[in-house]
Protein chains: 2
Amino acid sequence: MTYSIGDVVKKTGLSAYTLRYYEKEGLLPFVKKNASGVRAYSDEDLRWLTMIECLKDSGLQIKEIRQYIEWFNEGDSTLAQRLSLFENRRKILEKEMARLTVVMNKIRYKELLYREAVRVGNLDIATNERRFQHLKKKLFESPDDFDK
Amino acid sequence: MTYSIGDVVKKTGLSAYTLRYYEKEGLLPFVKKNASGVRAYSDEDLRWLTMIECLKDSGLQIKEIRQYIEWFNEGDSTLAQRLSLFENRRKILEKEMARLTVVMNKIRYKELLYREAVRVGNLDIATNERRFQHLKKKLFESPDDFDK
DNA sequence: ATAACACCTAGAGTTTACTCTAGGTGTTGA
DNA sequence: TCAACACCTAGAGTAAACTCTAGGTGTTAT
């Protein structure tokens, strides 16, 4: 079973431009073409696109994904490099999630504060209400840096 | 108390280039300059930089941050717009965290799998071990899309 | 007084990941 | 047969967020 580029656009949501670009960047080294140059994607190619999406979502750049694919195609001699890539990614994702949690708290504080400010029609009044002062102290190291 | 651009570089970790760029983009509308054009940042400006960092970390683009700052400076007539901005951000951050959780599971699976593959020296053997087949089924909708 | 240093502006250059254009090929239904 | 359609390549263009260069000003330590 093979698929035209139009089929793959429908299946993946990627544009045809992007699919050709990925190929040019070495992310799909085994896509077949017929005599007149028209691409025929295999199920294997589609699985690679799934993996590429995952690696992209994890924050890898395209050249890093290409490196991974090269390692994969070199076989078991590159297992250690690939393990190391996934370890680093996991650590980076952990940091990223911790960072997002901190940001989320700040944004949620702002959302609550502005909900109250809209209710009373005045930001300063809301900011000085005891429960927001309290919340701010609980959430931030330097609370007054956060009144902008 | 005021600070030179060099002081602010040390305090924030931003480059002087970036600080001037932010100013050019309207993120620091009130930085004072002396007669010969040298910047003197106030504590208020530093608080704005803290807020800008938070908004950037939440995923806002620079032009959106400028919009927020403009709204802030217009006063209480823009409370509703600012509330709406924070609501949207909170929703986007929730989605982002959910997305990262999914990616994290996949990367952790890969890390475990490759740790075992390195141990036995062969990726296929590790992939076919019962516990990894089991883990894969538990984690993914289309498990075989994930063997790349 | 002169060299080092920190700062300035305007504008050009960089990086990443696309996105599009121009000009062309091959297939197919009326 | 001929128009519509899907596809092709090479290369140019875009957006965002910096980052740097060139050429200049003002201050300070020796």
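Using a 1.4 Å probe over protein heavy atoms, the accessible area lost on pairing A with B, summed over both chains, comes to approximately 4500 Å². Within the stretch A:94-148, the GluC sites (Glu not before Pro) that combine a DSSP coil assignment with at most 11 other C-beta atoms in a 10 angstrom radius are A:E141. The value for the stretch A:2-74 of Rg(Cα) / (2.2 N^0.38 Å) is 1.05. Placing a label point 7 Å from Cα along the Cα-to-Cβ direction at B:S77 gives distances to the equivalent points in the other copies of 7.1 nm, listed shortest first. Placing a label point 7 Å from Cα along the Cα-to-Cβ direction at B:K10 gives distances to the equivalent points in the other copies of 6.4 nm, listed shortest first.
Other residues within the sphere of radius under 15 Å centred on the Cβ of B:L79, judged by their own Cβ, net out at -4 (K and R +1, D and E -1). Filter A:K11/A:K95; A:K24/B:K148; B:K63/B:K95; A:K10/B:K56 down to the pairs with a C-alpha to C-alpha distance above 28 Å, please. Beyond 28 Å between Cα atoms: A:K11/A:K95; A:K10/B:K56.
Position A:K32: other-copy label points at 7.4 nm, ordered by increasing distance, label point 7 Å along Cα→C-beta. Out of every Cα-Cα pair that the protein assembly as shown contains, those further apart than 34 angstrom amount to 43 percent. Counted by Cβ distance under 14 Å from A:T50, the other residues give a net charge of -2, where Lys and Arg count +1 and Asp and Glu count -1. Panel note: contact residues of the stretch A:102-141 (accessible area lowered by at least 30 Å² against the chain on its own; 1.4 Å probe) correspond to A:V103, A:M104, A:I107, A:K110, A:E111, A:Y114, A:R115, A:V118, A:L123.
The values are calculated or read from the model by the stated rules, or taken from the named source; none is laboratory data. What you see is a predicted model; the values in this text were computed from it and never measured. With ideal geometry, Cβ positions are generated from the backbone for all residues, glycine too; neighbour counts draw on all protein chains shown. SASA here: full protein model, heavy atoms, side chains in, ligands and nucleic acids out. Shrake-Rupley method; radii C 1.70, N 1.55, O 1.52, S 1.80 Å.
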